[in-house]
Amino acid sequence: EANKDKIGVFASNESGVLCENRYFHAFSSTVASQFKSADHNMNHIWEEDVTADVYAYYPFRTSFTDPEAIPCVIESSQAIIPEVLPNIKSVIMYDARTDVSYADALPQLQLRPCAAIVKVKLSLSEQVKINELSITSSSGQPLAFDNATLNLHNGVITADETASHEIILTPATPLAIGPDGITFYFMSAPGHDGGTLSIKAQIRREEHEIAT
């Protein structure tokens, strides 16, 4: 959204830090927008005519001062609506560009969320009302965290001991799953490519694994 959505930008090279958490705000309310600085300058991020690596994140926070430790959260409790994608703007989004020249100014960025978006297609042999779903993974890696940091340089997320190995999904509106099936989405920590997700539900007061 123009003049409202802001990204934070860092830039550095072998000589040191050239730009530390400077914000740029959207120039237009389009999917692909230019970003301009507070003084409306869209030309240069740093003062010297040198090449640097540029790291950007969204949404901008004045308290974020370390590009290797940007605080990030993926909720362990999420609401789901069939066929509706999660709001990726609710998590940190980021991108990095190397060897950016002084003349190139703010490079073209493709911000991506720190979370993986998981698509689930689910059907049951008979119609069952679902109040809650539980997601776990065999990978041994956490699925969600309230206190983690994202390294903008390499995309690595470091979570503390409070990270959760389970995500609870609650339908935003009454939900029943039957032979026709439903499709829904949720957000998870990345890094579960080698694992299997398990979906459990309370059915008639008993917990059942309904999908893997």
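The values are calculated or read from the model by the stated rules, or taken from the named source; none is laboratory data. Not measured: the values here are computed from a predicted model. Heads up, the Cβs are rebuilt from the backbone with ideal geometry, glycines too, and the neighbour counts pull from every protein chain shown. The area values use the complete protein model at the heavy-atom level, side chains included, leaving out ligands, DNA and RNA. Shrake-Rupley method; radii C 1.70, N 1.55, O 1.52, S 1.80 Å.
Computed values, structure above
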read-out	value
Per principal axis, descending, Cα span of region 64-168 in whole Å	62, 31, 22
Karplus-derived 3J(HN,Hα), 6.51/-1.76/1.60, for each residue of region 7-21, Hz, glycine and proline x	10, x, 10, 10, 9, 7, 9, 5, 7, x, 7, 9, 8, 10, 6
Fully extended contour minus Cα-Cα distance, from residue 69 to residue 84, at 0.36 nm per residue	2.3 nm
Spin-label model distance (nm) - residue 17 vs residue 123, 7 Å beyond Cα toward Cβ	5.5
Additional length obtainable on full extension of the chain from residue 48 to residue 162, 0.36 nm per residue less Cα span	36.7 nm
Members of 89/121; 89/200; 6/129 lying beyond 30 Å, as alpha-carbon distances in this model show	6/129
Taking only Cα atoms of region 108-166, radius of gyration then Dmax in Å	15.9, 50
Accessible-area ranking of 170, 183, 162, largest first, probe 1.4 Å	162, 170, 183
From phi via Karplus (6.51, -1.76, 1.60), per-residue ³J(HN,Hα) for region 81-96 in Hz, x at Gly/Pro	10, x, 6, 9, 6, x, 7, 5, 6, 7, 10, 5, 10, 7, 6, 9
Under the Karplus curve 6.51 cos²θ - 1.76 cosθ + 1.60, θ = phi - 60°, whole-Hz ³J(HN,Hα) for region 124-131, x wherever Gly or Pro sits	10, 5, 9, 5, 9, 6, 10, 9
